[in-house]
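Have a look at the structure below before the remarks.
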Amino acid sequence: MGTPTPTATPDATPTATPDDGPATQIVAVLVAILADLIANPPTDQPGTDPPTDEPPAQGAGSFGTVVNTDGGSLRCRTTPGDDSTITQIPFGTRVETRGAEVFDWVPVICAGQAGWVSAAYFRFDGEAAPTPTPDDSRREGTVSGTGGAGLRCRTAPVNGGQITVLPEDARVETRGATTDGWVPVRCAGQDGWVSAAYLLFGAGGGGSGAIWIDVNLSTQYMRVYRGNTVVMETYVSTGRIPNFTTPTGTFYINTKLPSQTMSGTLQGETYHVPNVPWVMYFTDRGHAIHGAYWHNNFGQVMSHGCINLPVSFSEWLYSVSPIGTRVVIHY
């Protein structure tokens, strides 16, 4: 009579021997859980409706759109936070993703390559767009900084025909948000456009007197005053020590540009940054206050001497600071 063949019991969990360490026991438990899930996949509970408002998919093969760049382009980089740029993706472009957002960066495909873009300027398909506030749609601005020459109101941005010339200090009603440095307005009873460089908006926050800017290099912090009252404040990033120190003293804004490509070589470092937003120069040596879309390290020194601001703050500051605004920089 032959020896009976033992019957295998595939569902049995191996029993740990005294020599099994904690890691071996954990692996055994995980294997058992996985086997159970494969054999008995979870099902919906009876009477439970599936959710109707699912979050947008964030994974390989999904898409999103470039947003919040004020009409500029979004840099697609080889790695998150790296200075190496693959290409510039225009505002409003739909982009294919390679996975979910990781620490404020989105893996995408750009120019046929694997790249990364800042999540601050990217909206996955299906995500709700921010609801505009009343100030984003209709508000009043004041013509300023034209030296008495007035501000031309055009039928379209840049090269549109001239509708009229708005005199210095004229009040103007806007029709929507600033787009690529141009503001849609009503002028002479018509829909027109004016340069954002010469239109100021109220800072709010109370106080009286002129707007002026205080920058503390020790704390990397900016306060915007109206007279003696703080109306807005934020962390900034100023020049790296010792080679790119931001100058101290009292200065005055002398030039405003809604967007500018900055490039050059300083102390052996070459840089090229396209579409720098909301630029306000305060020296004749290239020092400016401007938005920075390429980093989120505000509160730390980062620049070649300029004062970097969050983009949304820089847009606001640009809109309330006329040519001649005082800038006080100190430790």
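Using a Förster radius of 56 Å, what is the FRET efficiency between residue 98 and residue 250 based on their Cβ-Cβ separation? Nearest 0.05, please. Efficiency, rounded to the nearest 0.05: 0.70. With charges set only on the Cβ (+1 for Lys and Arg, -1 for Asp and Glu), what does the dipole of region 144-294 come to about its Cα centre, in debye to the nearest 20? For region 144-294, the charge dipole is close to 100 debye. Summarising the label geometry, the points placed 7 Å from Cα in the beta-carbon direction at residue 158 and residue 109 lie 3.1 nm from one another. For region 176-317, the alpha-carbon radius of gyration amounts to 1.11 times the rule-of-thumb value 2.2 N^0.38 Å expected for a compact globular protein.
FYI, it's all coordinate maths here, none of it is from the lab. These figures come from a predicted structure and were not determined experimentally. Cβ: placed from backbone, ideal geometry, glycine included. Neighbour counts: every protein chain shown.
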